[in-house]
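The values are calculated or read from the model by the stated rules, or taken from the named source; none is laboratory data. All values reported here derive from a predicted model rather than from experimental measurement. So basically every Cβ, Gly included, is an ideal-geometry build from the backbone, and we count neighbours across all protein chains shown. Heads up: the accessible areas ignore ligands, DNA and RNA and are worked out on the full protein's heavy atoms, side chains in. Shrake-Rupley method; radii C 1.70, N 1.55, O 1.52, S 1.80 Å.
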Amino acid sequence: MDWKNSRIDALLEQALQEDKAAHDETTTLTIDPELRASASILARQEMVVAGLGAVPRLLEIYARLDPSPQAHNRFEVISHPEIFDGVRAHAGQVLAVIRHNARVLLSCERVILNLLQHLSGIATLTRKFADAVQGTHARVLDTRKTVPGMRALEKYAVLCGGGTNHRIDLASGILIKNNHIALGGGIAAALKSALAHRKPGQRVQVEVRSAQELEEAIGHGAEAILLDNMTPAEVRRSIERIKKETGRWIPTEASGGIVLDNVRAYAETGVDFISVGALTHSARAANIAMSIVAEPG
């Protein structure tokens, strides 16, 4: 992840601005401006870490927002070599230590924790799904069901958890879904138009919800199939039908109603991809805390 990407920078700055981090009334009135402190970021549960790289960048951006001298003091973010984005951390483990001016640490505390908790929660849930399908050739995909403005970071967290990114946005792939089919004159018409006007190298995927729609999709040239809201048994039969009728491999994806309790059953059907919106829209925030102590005078 390029933490100095302009879009990421804008997102991090917006988070600091939203919290008025550079105008922290309580901290200004109670903390010595010259006091330095150490902040330990602590895992309070088993988790997969994501977002550590954002911490120094947040502090750099904060210095642009706060004209006070302490905002520009030297700082360092220290972590053990074994702790980095994508690794499993244990409850009680220190993820990183930040040494900086105490006022800055207090003013940035909530933004740092919100980001780490959210991204590590996504990475932790993704790892559970990835572990559940281990030993099959199925890969767990995320979706576009992300918090507006947070997609790049949330999809990065999915990668940290061992998942695979699906389409980043509407411009990065062709997926003909049920509403396209309804408004585009049916599967055959929508497919014909997409295949005729696509850019070189683009693969056309079609969402199907029944055996009849599957038959129509593969009969009119679909190059990838999304099997939507089917049971594992229906997914297995659909894959067998694709192989029998086309005599070639067509990428298949299962989606809809997939949870940790049944993802293994879907993976064992032989499907290539399993997309799970819950990775980003329903991940529970990881339990992470920050302990701040004054450094010796």
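Values as computed for the structure displayed
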| quantity | calculated |
| --- | --- |
| Heavy atoms of E13 accessible to a 1.4 Å probe, total area in Å² rounded to 10 | 60 Å² |
| Among L113, S68, L214 the positive-end extreme of the charge dipole of the chain (Cβ point charges) | L214 |
| Distance cut-off 20 Å, percentage of C-alpha pairs in segment 74-161 lying past it | 47 percent |
| Over segment 9-56, equivalent-ellipsoid semi-axes from the Cα gyration tensor in Å | 24, 18, 10 |
| Probe 1.4 Å, accessible area per residue of segment 105-178, Å² | 40 Å² |
| Segment 34-97: relative contact order as a whole-number percent, Cα under 8 Å and 6+ apart | 59 percent |
| Rounded to 5, percent antiparallel among DSSP beta bridges of the chain | 50 percent |
| Descending principal axes extents, the chain, alpha-carbon based, whole Å | 77, 37, 27 |
| Degrees separating the helix 232-246 axis from the principal Cα axis of the chain, which is the longest one | 60 degrees |
| Within the accessible area of the chain (1.4 Å probe), percent carbon and sulfur | 51 percent |
| Accessible area per residue, Å², segment 1-69 with all protein chains present, probe 1.4 Å | 54 Å² |
| Segment 142-285, relative contact order [Cα under 8 Å, separation at least 6], % | 24 percent |
| Options F129, S172, C160, ranked by Cα towards positive dipole end of segment 110-213, top entry (Cβ charges) | S172 |
| Helix-only CD estimate at 222 nm, as mean residue ellipticity for the chain, using -39500 (n - 2.57) per DSSP H run (n ≥ 4) | -12500 deg cm²/dmol |
| The chain, relative contact order in percent, only Cα pairs under 8 angstrom and at least six apart counted | 24 percent |
| Against the rule of thumb 2.2 N^0.38 Å, how large the Cα Rg of segment 1-104 comes out | 1.14 |
| For segment 242-270 versus segment 87-143, the gap between their alpha-carbon centres in whole angstrom | 29 Å |
| Of every Cα-Cα pair in segment 155-297, the percent that sits beyond 19 Å | 58 percent |
